[in-house]
Amino acid sequence: MKIKLTQGELKRQRDALRQYERYLPTLQLKKQQLQLEILHQQGSFKKRLNSLSEKKKSAENWSGLLVEAPEIRQWLIPEKIITARKNIAGVDIPVFERVSFGPAEYDLFLTPLWVDTGVDILREMISLREEIQLIEKGISILKHELRITTQRVNLFEKIKIPEAKEAIRLIKIYIGDQMTNAVGRSKIAKNKIEEADFEGVAI
C-alpha cells in the first residue's frame, strides 16, 4: 500500500476511517437481519413441504378415481398467482398470497360425489407447490444479498479499517520524525547564530 506521508493524506485517511467505522455497524446489522430472515423462510419452506407431502399421502387413497373424471384437470390450471413484496434490510422478496382458479363447472348429477372434495384438495396441493417455489426464490434472493453483504463486512473489517489505521500510524510517525528533525535543525542553526554573534563581539 503506497501512501503519501503528508498532513493532507493524514486527514484523508482519518476521514476514510471514520466513514468505514460509521458504515460497518449498518452492514453488520443488515447481515444479521438477512441471516434471521433466511432461517425464518427456511422454516416456512419445511412446513409447507411437510404439508404438501401429507396431502399427497392422503390423496393416494382416492387418486386412482381420477380416471373417472378426466375433465378435472382443466379445473386445476391456475388462472393467476397472486403475490406481494416484503422488504428485508433493503432487499425485496416475493411473498405468496394465493392462487386464483377458474370456476369448476360440472353437472352435479353426472359427476361423482368425490369430485368436489378432490378438486379442493388438489387445488390446495397446487397452491402449496406454488408457495414452496416462491419461498425458494425468496431464499435464493436473500442468500445472494447475504453473500454480497458478508463480503463488504469482511472488506471493511479485515482490509479497509486496518489499512487506514496503519496508514495513519505511519504518517504520524513520519510527521513526528520530521518535526523532531526540524526542531533539531532549528537548535543547531540557533547555536551557530549565537556562536557567530559571540565571535563577533569577541573581536
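The values are calculated or read from the model by the stated rules, or taken from the named source; none is laboratory data. Here the structure is a predicted model, which means the values were calculated and not measured. Note: ideal-geometry Cβ built from the backbone for every residue, glycine included; neighbour counts use all protein chains shown.
Yes/no matrix, rows are residues, columns are (1) farther than 24 Å from residue 49 by Cα; (2) at pLDDT 95 or above; (3) part of a helix (DSSP H, G or I):
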site	(1), (2), (3)
133	no, yes, yes
140	no, yes, yes
145	yes, yes, yes
161	yes, yes, yes
187	yes, no, yes
201	yes, no, yes
(Q) Consider region 6-45. How many of its residues are acidic (Asp, Glu) and more than 23 Å from residue 165 (Cα to Cα)? (A) 1
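Is it fair to say residue 100 is among the small types (Gly, Ala, Ser), under 24 Å from residue 54 (Cα atoms), at pLDDT 90 or above and loosely packed, with under 15 Cβ neighbours inside 10 Å? Give the steps one after another, and end with the answer.
Numbers: among the small types (Gly, Ala, Ser): yes; under 24 Å from residue 54 (Cα atoms): yes; at pLDDT 90 or above: yes; loosely packed, with under 15 Cβ neighbours inside 10 Å: yes.
For residue 100, the condition - among the small types (Gly, Ala, Ser), under 24 Å from residue 54 (Cα atoms), at pLDDT 90 or above and loosely packed, with under 15 Cβ neighbours inside 10 Å - is met.
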Q. Among (1) surrounded by 16 or more Cβ atoms within 10 Å (Cβ to Cβ); (2) within 23 Å of the chain's Cα centre (by Cα), which single condition is residue 48 missing?
A. (2)
Q.
On the basis of being among the aliphatic types (A, V, I, L, M) and either touching a Ser or Thr at 6+ places or on another chain (Cβ under 6 Å) or at pLDDT 80 or above (or both), does residue 88 make the cut?
A. yes
